[in-house]
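Asker: Dumping the structure here so I can ask a few things about it.
Every read-out reported here was derived from the displayed coordinates using simple, explicitly stated rules and does not represent laboratory data. These figures come from a predicted structure and were not determined experimentally. Cβ atoms come from the backbone with ideal geometry, glycine included; neighbour counts cover every protein chain shown.
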Amino acid sequence: MVITRSISFSTRGNTDVIDITERVQREIKNSPVSSGIITIFALGSTGGLTTIEFESGLLSDFKDVMEQLIPLGDYRHNLKWGDANAHSHLRASLVGPSLTVPFTDKELNLGTWQQIVFVDFDIRPRNRNLILKIIGE
Amino acid sequence: MVITRSISFSTRGNTDVIDITERVQREIKNSPVSSGIITIFALGSTGGLTTIEFESGLLSDFKDVMEQLIPLGDYRHNLKWGDANAHSHLRASLVGPSLTVPFTDKELNLGTWQQIVFVDFDIRPRNRNLILKIIGE
Amino acid sequence: MVITRSISFSTRGNTDVIDITERVQREIKNSPVSSGIITIFALGSTGGLTTIEFESGLLSDFKDVMEQLIPLGDYRHNLKWGDANAHSHLRASLVGPSLTVPFTDKELNLGTWQQIVFVDFDIRPRNRNLILKIIGE
């Protein structure tokens with residue numbers, strides 16, 4: 001069985017980390033699938049998906065680390081297009097746009113302190129749309 | 001339904017970024033599956049998969065960033081084996097060899113400026129082979 | 001068909017890299033599925049999954065690179081909770097908790113020098129549990 005869903009929300013940009021665990025869990029609960037995988041995919045090239053312990057200290061640390069790894073700067077993308085978000089694209093490509101999570105008996109298989117997050121690396125507030133594919137039986 | 005396909009191409013190495021979106025899309029179109037996911041997997045330990053806005057400025061920026069994050073150097077892998085591509089392996093492990101993308105009505109669910117790319121981190125031209133698994137109904 | 005399995009093992013922590021290829025391959029062999037994908041998922045927020053050439057020189061290099069990219073430090077997570085493993089969380093979020101690998105005729109599709117690894121970024125020995133979902137026909 002293949003079920004397609006999407007979830008939408010607003011972000012503030014600038015490495016805004018959004019906890020989507022409950023919404024993903026709800027879509028699984030509301031689907032007819034009890035065991036399988038869910039692929040969550042970020043449409044667009046300036047957002048990424050991963051898991052993290054969703055705790056404000058660590059979210060600040062994550063933002064700092066991304067700024068150290070791929071700082072703002074005079075990237076060629078910016079110079080060529082008059083943009084200012086090359087670092088957003090580069091961070092998104094590094095973190096990746098796709099996350100596949102297993103679930104069993106309609107419950108996501110996650111650690112106790114592990115949440116599913118979308119990270120908006122863009123430099124302005126955005127409306128975001130994620131595609132969910134629930135595959136299983 | 002499970003459909004197995006592969007795509008092959010030549011690269012120049014040294015963080016050569018190859019846009020495979022059209023070829024992946026074509027394999028979905030030619031398959032009997034209309035809704036599901038496609039897992040794209042890079043065989044070998046010096047290549048990775050992600051998405052990016054495929055624009056020459058940003059591709060240069062991506063190459064520069066990878067060189068800053070994991071520069072060429074006297075890694076133990078090189079010293080031990082007389083190799084020079086330890087940085088290629090390390091970059092590939094960081095970016096990751098696997099990407100799963102949803103599709104609906106035989107169309108990849110991607111953002112407007114979001115392309116699927118294989119990145120060849122090796123230090124010489126290579127012939128590459130990617131495995132595709134199309135799963136759905 | 002959807003088959004759920006798990007594998008458990010002990011680690012030493014501190015970027016301990018565990019080769020799980022043979023155990024994953026065995027679960028596929030022992031399943032009734034001959035062609036499909038396997039999603040491997042790391043429960044917990046201080047471990048990650050990727051592929052690498054499992055060779056002691058390169059494993060040392062990988063550890064060094066992770067320490068350069070995300071060093072130990074006075075992160076807010078540590079200050080707030082009296083913890084010392086913020087860098088473990090951050091590295092795990094960057095590498096990612098999920099890996100999906102294709103298999104055909106009950107054999108993992110991997111390169112010759114490409115192994116599936118779990119990386120324990122935590123700062124102490126841990127017992128780890130990975131969820132496996134085998135999907136295919």
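Asker: Is there a residue in segment A:35-57 that is assigned to a helix (DSSP H, G or I) and either within 13 Å of chain C (Cβ to nearest Cβ) or over 30 Å from C:Gly36 (Cα atoms) (or both)?
Answerer: yes
Asker: Return the residues of segment C:45-73 that are closer than 19 Å to A:Val95 by Cβ and aromatic (Phe, Trp, Tyr); say none if nothing qualifies.
Answerer: C:Phe62
Asker: So, in segment B:90-137, how many residues would count as being in contact (Cβ under 8 Å) with a residue 60 or more places away in the chain and assigned to a strand (DSSP E or B)?
Answerer: 25
Asker: Could you check segment C:35-63 and list, in sequence order, the residues that are among the hydrophobic types (A, V, I, L, M, F, W, C), more than 19 Å from A:Pro102 (Cβ to Cβ) and touching a Leu at 6+ places or on another chain (Cβ under 8 Å)?
Answerer: The answer is C:Ile52, C:Leu58, C:Phe62.
Asker: In segment A:77-89, which residue that is surrounded by 21 or more Cβ atoms within 10 Å (Cβ to Cβ) and within 17 Å of A:Asp16 (Cβ to Cβ) is nearest to the other protein chains (Cβ to nearest Cβ)?
Answerer: A:His89
Asker: What do you reckon, is A:Ile18 more than 24 Å from B:Asp105 (Cα to Cα), in contact with a His (Cβ under 8 Å, 6 or more places away or on another chain) and not acidic (Asp, Glu)?
Answerer: In short, no.
Asker: Another question about this same structure. Restricting the search to segment B:20-34, which residues are of a type in the set (Val, Ile, Thr) and over 24 Å from B:Asp120 (Cα atoms)?
Answerer: Within segment B:20-34, B:Val33 is the sole residue that qualifies.
Asker: Could you list, in sequence order, all residues of segment C:97-130 that are in contact with a Gly (Cβ under 7 Å, 6 or more places away or on another chain), at the interface with another protein chain (Cβ under 7 Å from one of its Cβ atoms) and surrounded by 24 or more Cβ atoms within 10 Å (Cβ to Cβ)?
Answerer: C:Pro97, C:Gln114
Asker: Name the residues in segment A:62-89 that are touching a residue at least 40 places away in the same chain (Cβ under 8 Å) and among the hydrophobic types (A, V, I, L, M, F, W, C), would you?
Answerer: A:Phe62, A:Met66
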